[in-house]
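Remarks on the structure that follows.
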Amino acid sequence: MDCYTQLVLVRATDERVWALNRQGKVPIAASCQGHEAAQLGSLLAAQKDGNCFLFPYYRDLALKMAAGLTAEQVMLSFMGKVGDPYSNARQFPLQGADLAHHIIQISNVVAANLTQAVGYALGCRMSGDDTVVLVYFGDGGSSQGETHEAMNFASVHRLPVVFICENNHYAISVPQGRQMAIPDVASRAAGYGFSGVVVDGMDLLQCYEATREAIHHARKQGPVLLDMNVERLMPHTTDDDDRRYRPREELEAARQRDPVVTLAASLLEQGILTQKQIDDIKAQARRTVDAATDAADAALPPDPSTLNDHLYAP
């Protein structure tokens with residue numbers, strides 16, 4: 001029930017951010033719709049473990065909210081207002097660091113977080129810290145040079161890293177079949193000498209179980225690659241028009257696997273939730289997002305006099 005409640009709140013928040021972009025109040029956004037189960041399932045495993053650090057990428061709104069980010073903080077960040085917990089409105093939305101929730105997303109550079117995550121894991125190993133690092137990226141990111149460097153280095157040094165590919169089969173407009181000549185990103189792990197596992201990224205419980213096992217393996221034996229197959233239910237970003245390259249029939253088929261819909265149906269079937277409870281959860285999510293939007297809309301932008309704060313050492 002908690003997971004479903006989080007899914008609904010994230011979806012409502014994501015939809016509102018998209019709408020605010022169309023109103024000119026949010027400059028850009030990359031939707032997480034279709035990726036939520038992979039993010040929430042893996043995060044739940046990390047939270048159950050209790051000693052993990054996260055390096056997400058730009059599509060990981062569900063991960064960040066489930067880790068502790070509130071809907072109001074999300075709105076403050078996307079609108080560029082004081083109170084953005086990542087960079088106080090100095091970077092792209094939700095980019096920077098949220099150390100209170102063990103999260104770093106330094107930049108929007110594709111796959112740069114993989115080498116940073118491996119460096120963090122090496123630091124943990126050298127200091128005797130038992131932390132396992134989870135790093136997230138898309139299938140397009142798996143074709144970047146940083147991915148090769150990160151996976152190779154992590155394997156050579158048997159570092160405690162779980163590489164999580166949220167594979168939506170599109171690198172912006174380029175389908176997976178034109179990115180790589182292999183059927184699964186997971187098979188690349190063999191070239192580095194560690195395990196790669198294909199996971200149904202639309203199944204929250206499967207994502208949880210696969211990540212739980214991967215965390216245990218990474219801590220004891222070294223890196224693991226999880227190839228979580230998800231669906232991107234929206235365009236690449238608010239600046240993209242996926243009608244130019246993606247068949248509508250394909251997208252309609254993908255929507256049949258929407259984790260918000262399928263988890264609700266499963267909980268109904270098992271008698272864990274009633275339809276009234278589902279309706280109440282959705283109504284509460286809308287109220288939360290409405291209040292968050294109003295608060296962020298009324299908030300002030302950063303004071304221009306603080307422009308150079310945190311840039312130079314005293």
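The values are calculated or read from the model by the stated rules, or taken from the named source; none is laboratory data. Everything quoted here is computed from the prediction, not taken from an experiment. All Cβ positions, even for glycine, are placed from backbone atoms using ideal geometry, and neighbour counts span all protein chains on display. When the accessible area is computed, the model is the full protein with side chains, heavy atoms only, and any ligands, DNA or RNA have been set aside. Shrake-Rupley method; radii C 1.70, N 1.55, O 1.52, S 1.80 Å.
What the table shows:
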read-out	value
Accessible surface, the chain, averaged per residue in Å² (probe 1.4 Å)	46 Å²
Range of Cα positions in the chain per principal axis (Å), largest first	60, 51, 40
Protein-only accessible surface order, largest first, of Glu146, Glu36 at 1.4 Å	Glu146, Glu36
Residue among Ser107, Ser266, Ser155 with the largest mean-square fluctuation in a Gaussian network model of the chain, springs linking Cα atoms under 10 Å	Ser266
The chain - mean residue ellipticity at 222 nm from DSSP helices (-39,500 (n - 2.57) per run, n ≥ 4, rounded to 500)	-14500 deg cm²/dmol
Spin-label proximity, Gln206 to region 213-234 - amide N less than 11 Å from point 7 Å beyond Cα toward beta carbon	228-230
Fully extended contour minus Cα-Cα distance, from Val156 to Lys25, at 0.36 nm per residue	42.5 nm
With every protein chain in place, region 80-130: carbon and sulfur % of accessible area (1.4 Å)	61 percent
Inter-probe distance in nm under a simple model that places probes 7 Å from Cα toward Cβ, at Lys48 and Glu213	1.3 nm
Listed residues Asp130, Asp303, Asp184, most fluctuating in the chain (Gaussian network, C-alpha, under 10 Å)	Asp303
Neighbourhood charge, 10 Å Cβ-Cβ cut-off, centred on Arg158 and excluding it, Lys, Arg +1 and Asp, Glu -1	+2
Label-to-label distance, nm, for residues given as Gln284 and Asp239 (7 Å Cα→Cβ offset)	3.8 nm
Selected from Ala62, Ala19, Ala45 as most flexible by GNM, with the chain as the system and alpha-carbon contacts under 10 Å	Ala19
Chain lengthening between Leu251 and Ala298 when straightened (0.36 nm per residue, less Cα-Cα)	13.3 nm
Computed FRET value (nearest 0.05) for Gln277 with Leu307, which takes r as the C-beta separation and R₀ as 45 Å	0.40
Charge sum, other residues only, whose C-beta stays under 13 Å from Val185's C-beta, Lys/Arg counted +1 and Asp/Glu -1	-3
Dipole magnitude of region 226-267 about its Cα centre (Cβ charges: Lys, Arg +1; Asp, Glu -1), debye to nearest 20	100 debye
